[in-house]
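First the structure, in the form of structure tokens, and then the observations on it.
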Amino acid sequence: MIITLKDGSTKEYSEPKSIIEIAADISEGLARMACAGEVNGEVEDLRTVIDKDCNLSILTFNDEGGKAAFRHTTSHIMAQAIKRLYPDTKLAIGPSIADGFYYDVDRETPLTSEDLEKIEAEMKKIVKEDLKLERFELPRAEAIAFMKEKEEPYKVELIEDLPEDAVISFYRQGEFTDLCAGPHLMSTKPVKAFKLTSLAGAYWRGSEKNKMLTRIYGTSFTKKADLEEYITRMEEAKKRDHRKLGKELGLFMMSDEGPGFPFFLPKGMVLKNTLLDYWREIHQKAGYVEISTPIMLARHLWETSGHWDHYKDGMFVLGDEEKDKEVYALRPMTCPFQYYVYKAEQHSYRDLPIRLGETSTLFRNEDSGEMHGLTRVRQFTISEGHLIVRPDQMVKEFKDCIALAQYCLQVLGVEEDVTYHLSKWDPTNKEKYIGEPEVWEETEGHIRQMLEELNIPFTEDVGEAAFYGPKVDINAKNVYGKEDTMITIQWDALLAEQFDMYYIDENGDKQRPYIIHRTSMGCYERTLAWLIEKYAGMFPTWLCPEQVRVIPISEKFNAYADKVEAQMKEAGIRCSVDRRSEKMGYKIREARLERVPYMLVVGAKEEEEGKVSVRSRFLGDEGAKDLGEFITSIKAEIKSRENRKVEVQEEQK
């Protein structure tokens, strides 16, 4: 058999070889670093035996697949340590995740943060023992009996839910054995730099109907220096976490009475409305008309759209499907609602494209374990649009949607922080989608060609398309490295048929339009979370809930401070006066902590000369300026939506 390696070179063998054996044949050093293999594009365990021609890459910790195997092994080491220390603990699942791993466990006395140090110490012993990991398989009945004997009910349930023809594999290391598909390292020895980072609650299988388990998070690296760098980075990330800053800055709050339903506070509403005003401005210029539609409609609409079959579990359904004559659902998206606006009157080919825009409140029944601050919520506001176009207009309009999204990203100052993805259907899971394979291949090809023509680097993600069409997803990572979709632009050549949407062509015949589903800045909640973390709360001046704070040096100058505030507000600048009888240094520090970009200090000299002493987050002490001059300059900064750069750190002033 001939093995083609990553660099194009080949290895030829007359008998089957495991991946680790091939790695050792290439070099002993590579075998020591190997974490997994990639055979014809699929990640495989190092123990996998190859018996025919293939393409093979040996994955190390520097590869995503290798990193995942390394951290998956670390989760097993942690589980083994827990079982040694707390034998009555029941194990659920322990996968690798982005930047680390976790294990869900069940114990009558739940583990606490004080236990983590003990678990880490036991993990170090297991690593030092250099335990070999052995993979073996069992028939279903034996596998179930094996886990029942070990009193692991969660593992038994997992096995029972596997397909009848599934391979049921286990990994053994010393006295510890776990149900697992792999892949894993060859031994525990390489895992020398690790840290258990936090505890959280997690419902078994993500359902609130099931028991709440304890989820233990951790991470691991091949080098101690990399672990220390990661820990430092995470500490910095915590300072920027939008959940922390949102509370400190008085932007939003959450309540236990409504998990996933955010409360926007006055300052948060200023931010949200400022973004909404910006959305209206640029979309009017781009030829969109604004509409408003209901927040819920009847079940039959969702059946027509396909959401009832493909998305019902993610919807809030009102009424009993079996008993009630009328069953409604809160909308998880506006698509079918806007179609009815289009269908309200007949359209000629000359009317197209029609660009509909709407700011709407949407509801999605997210699992409790998936929710995270403002980035994943059950109720959110989004300004989205649907373009109804002729097929010959589709490419131009789609490109224009990408350009509008890029413009928004540029103005928000985040254009360098995103990645582009062509989200495709999964042809091996056809029941998840509507439409014929040739339609999917054609539409995906159009998007691929457009992205290439626009010189936009992108990756292709199989299985991430909407059920009715492929899309461009524009993604960004939060401070912890988790990637979320911020903006999406979808190509839909199918739903017009289901909703009987048509236009009259130049020959007087009915034709089906195409539809573009799109946003330009995503939902406001997720965008605000992104911006809070991006700027650590120090937003560009045009976005700041409070743009100027006037600070009189004593009560004698409150009247002049009020006059300055009045002129600011008259000019449309968000301004307040700090009239407290506190020391100047304290009031200036408070303004800094509240991320106010400009402080205007006023006293006798300023009042006499009609000036203000300007302190900014950008330059620190900017000196005295005529009040009119300052108003003119800040108005220009706000109008242009300038993202002024910090040139002098405030702490240095």
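The values are calculated or read from the model by the stated rules, or taken from the named source; none is laboratory data. Just so you know, these numbers come straight off a predicted model, no measurement behind them. Cβ placement follows ideal geometry from the backbone for every residue including glycine, while neighbour counts extend to all protein chains displayed. These area figures cover heavy atoms from the full protein model, side chains too; ligands, DNA and RNA do not enter into them. Shrake-Rupley method; radii C 1.70, N 1.55, O 1.52, S 1.80 Å.
Below is a table of values for the structure above.
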read-out: Single residue of segment 622-645 satisfying the filter (exposed (fewer than 13 other Cβ atoms within 10 Å of the Cβ) and either at positive phi or not in a helix (DSSP H, G or I) (or both)) that is modelled with the lowest pLDDT; value: Lys645
read-out: Selection within segment 491-522 - open to solvent by 20 Å² or more (accessible area, probe 1.4 Å), of a type outside the set (Phe, Trp, Tyr) and outside any loop (DSSP other than H, G, I, E, B); value: Glu497, Gln498, Ile504, Lys510, Gln511
read-out: Residue check, Arg589 in a loop (DSSP other than H, G, I, E, B), basic (Lys, Arg) and open to solvent by 20 Å² or more (accessible area, probe 1.4 Å); value: no
read-out: Residue within segment 390-413 that is on the phi > 0 side of the Ramachandran plot and at pLDDT below 95 present; value: yes
read-out: Looking only at segment 176-209, and only at residues there that are free of Cβ contacts under 8 Å to residues at least 24 places away in the same chain and farther than 14 Å from Phe101 by Cβ, the one that is surrounded by the fewest Cβ atoms within 10 Å (Cβ to Cβ); value: Lys209
read-out: Of the criteria (1) more than 24 Å from the chain's Cα centre (by Cα); (2) of a type in the set (A, V, I, L, M, F, W, C); (3) buried (at least 22 other Cβ atoms within 10 Å of the Cβ), which one Ile216 fails; value: (1)
read-out: Residue within segment 247-261 that is crowded, with 18+ Cβ neighbours inside 10 Å and farther than 23 Å from Thr541 by Cβ present; value: yes
read-out: Subset of segment 159-202 (residues that are in a strand (DSSP E or B), at pLDDT 95 or above and in contact with a Phe, Trp or Tyr (Cβ under 9 Å, 6 or more places away or on another chain)); value: Ser169, Phe170, Tyr171, Arg172, Thr177, Asp178, Leu179, Ala193, Phe194, Lys195, Leu196
read-out: Of all residues in segment 428-453 being part of a loop (DSSP other than H, G, I, E, B) and within 25 Å of the chain's Cα centre (by Cα), the one that is nearest to Pro391 (Cα to Cα); value: Tyr433
read-out: Conditions (1) at pLDDT below 95; (2) surrounded by 15 or more Cβ atoms within 10 Å (Cβ to Cβ); (3) in contact with a helix residue (DSSP H, G or I) (Cβ under 8 Å, 6 or more places away or on another chain); number of the one not met by Ile26; value: (3)
read-out: Options Met568, Met599: the member that is part of a strand (DSSP E or B) and aliphatic (A, V, I, L, M); value: Met599
read-out: Any hit, segment 561-580, residues being over 27 Å from Gln649 (Cα atoms), open to solvent by less than 60 Å² (accessible area, probe 1.4 Å), out of contact with any Ser or Thr (no Cβ under 9 Å at 6 or more places or on another chain) and of a type outside the set (Gly, Ala, Ser); value: yes
read-out: Residue in segment 463-480 that is open to solvent by 20 Å² or more (accessible area, probe 1.4 Å), within 28 Å of Pro540 (Cα to Cα), in contact with a strand residue (DSSP E or B) (Cβ under 8 Å, 6 or more places away or on another chain) and in a loop (DSSP other than H, G, I, E, B) present; value: yes
read-out: Total residues in segment 210-268, condition touching a residue at least 24 places away in the same chain (Cβ under 8 Å), part of a loop (DSSP other than H, G, I, E, B) and acidic (Asp, Glu); value: 1
read-out: Contacts under 7 angstrom Cβ, first residue in segment 142-153 being open to solvent by 100 Å² or more (accessible area, probe 1.4 Å), partner of a type in the set (A, V, I, L, M), 6 or more apart; value: Lys148/Val156
read-out: Search result, residues across segment 63-77 that are in contact with a Leu (Cβ under 7 Å, 6 or more places away or on another chain) and either more than 14 Å from Ser187 (Cβ to Cβ) or modelled with pLDDT under 95 (or both); value: Gly65, Gly66
read-out: Residue check, Asp130 within 30 Å of Glu38 (Cβ to Cβ), without any contact (Cβ under 8 Å) to a residue 60 or more places away in the chain, in contact with a strand residue (DSSP E or B) (Cβ under 9 Å, 6 or more places away or on another chain) and not hydrophobic (A, V, I, L, M, F, W, C); value: yes
read-out: Exclusive hit being over 29 Å from the mean Cα position of the chain (by Cα), surrounded by 17 or more Cβ atoms within 10 Å (Cβ to Cβ) and at pLDDT below 95, set Arg331, Arg299; value: Arg299
read-out: Number of positions in segment 185-227 that are closer than 19 Å to Glu370 by Cβ, touching a Leu at 6+ places or on another chain (Cβ under 6 Å) and among the small types (Gly, Ala, Ser); value: 1
read-out: Residue match in segment 542-555 (condition: buried (at least 18 other Cβ atoms within 10 Å of the Cβ), touching a residue at least 40 places away in the same chain (Cβ under 8 Å) and polar (S, T, N, Q)); value: yes
read-out: Residues of segment 355-377 satisfying the condition of being open to solvent by 50 Å² or more (accessible area, probe 1.4 Å), assigned to a loop (DSSP other than H, G, I, E, B) and under 21 Å from Gly246 (Cα atoms); value: none
read-out: Selected residue [assigned to a loop (DSSP other than H, G, I, E, B) and in contact with an Asp or Glu (Cβ under 9 Å, 6 or more places away or on another chain)] from Asp7, Asp88; value: Asp88
read-out: Condition met for Ala121 (at pLDDT below 95 and among the hydrophobic types (A, V, I, L, M, F, W, C)); value: no
read-out: Pairs, first closer than 16 Å to Leu387 by Cα and in a helix (DSSP H, G or I) in segment 322-351, second open to solvent by less than 10 Å² (accessible area, probe 1.4 Å) and among the basic types (Lys, Arg), C-beta under 7 Å, six or more apart; value: Phe337/Arg331
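To keep it simple, each residue is scored yes or no on (1) charged (D, E, K, R); (2) in contact with a Cys (Cβ under 9 Å, 6 or more places away or on another chain); (3) assigned to a loop (DSSP other than H, G, I, E, B); (4) free of Cβ contacts under 8 Å to residues at least 60 places away in the same chain.
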{"position": "Thr74", "(1), (2), (3), (4)": "no, no, no, no"}
{"position": "Ile77", "(1), (2), (3), (4)": "no, no, no, no"}
{"position": "Phe101", "(1), (2), (3), (4)": "no, no, no, no"}
{"position": "Glu108", "(1), (2), (3), (4)": "yes, no, yes, yes"}
{"position": "Leu111", "(1), (2), (3), (4)": "no, no, yes, no"}
{"position": "Asp115", "(1), (2), (3), (4)": "yes, no, no, yes"}
{"position": "Met123", "(1), (2), (3), (4)": "no, no, no, no"}
